[in-house]
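Before any comments, here is the structure.
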Amino acid sequence: MLKVLVDYPSRDEERLIMDRMTGGSKETITPVIDPAAILQARETVRAIYVDDKVKDYVLDLVVATREPEEKGIDGPAEHRQKRGRHWEFQGHICRITRGRNSYKAY
């Protein structure tokens, strides 16, 4: 299982996507490797020895990212709380810079 974070494209990238999807021209695709080479590379990777200690270490890292509280690491709740305090502070700064010195927690 993977979690991939993908940001939104920039305005220029969005325009390029729009042009590609709405224009009549098609991009030319040039192969850089043949399928047999890909299969050979897979076999090469499978042939690499990985010790059980390394596998266990990788699994420990994976489990720690999925269940940080069980490993004594700040979990998502703590991060949300810290982010919340950050945005609360940012809002207070905005009010001060706009001449409103009052602070009301919601």
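The values are calculated or read from the model by the stated rules, or taken from the named source; none is laboratory data. None of the values given here were measured: they were computed from a predicted structure. Counting neighbours? That spans all protein chains shown, and the Cβs are built from the backbone with ideal geometry, glycine included.
Under 23 Å from the mean Cα position of the chain (by Cα) and at pLDDT below 70, is that true of H92? The answer is no for H92.
Each residue in the stretch 39-56 was checked for being surrounded by 10 or more Cβ atoms within 10 Å (Cβ to Cβ) and not charged (D, E, K, R), and 4 of them qualify.
With a cut-off of at least 3 residues that are among the hydrophobic types (A, V, I, L, M, F, W, C) and modelled with pLDDT under 90, name the helices (runs of 4 or more DSSP H) lying wholly within the stretch 1-68. Spell out the reasoning first.
On the way: elements: 11-22, 35-46, 52-66.
Hits in the stretch 1-68: 11-22, 52-66.
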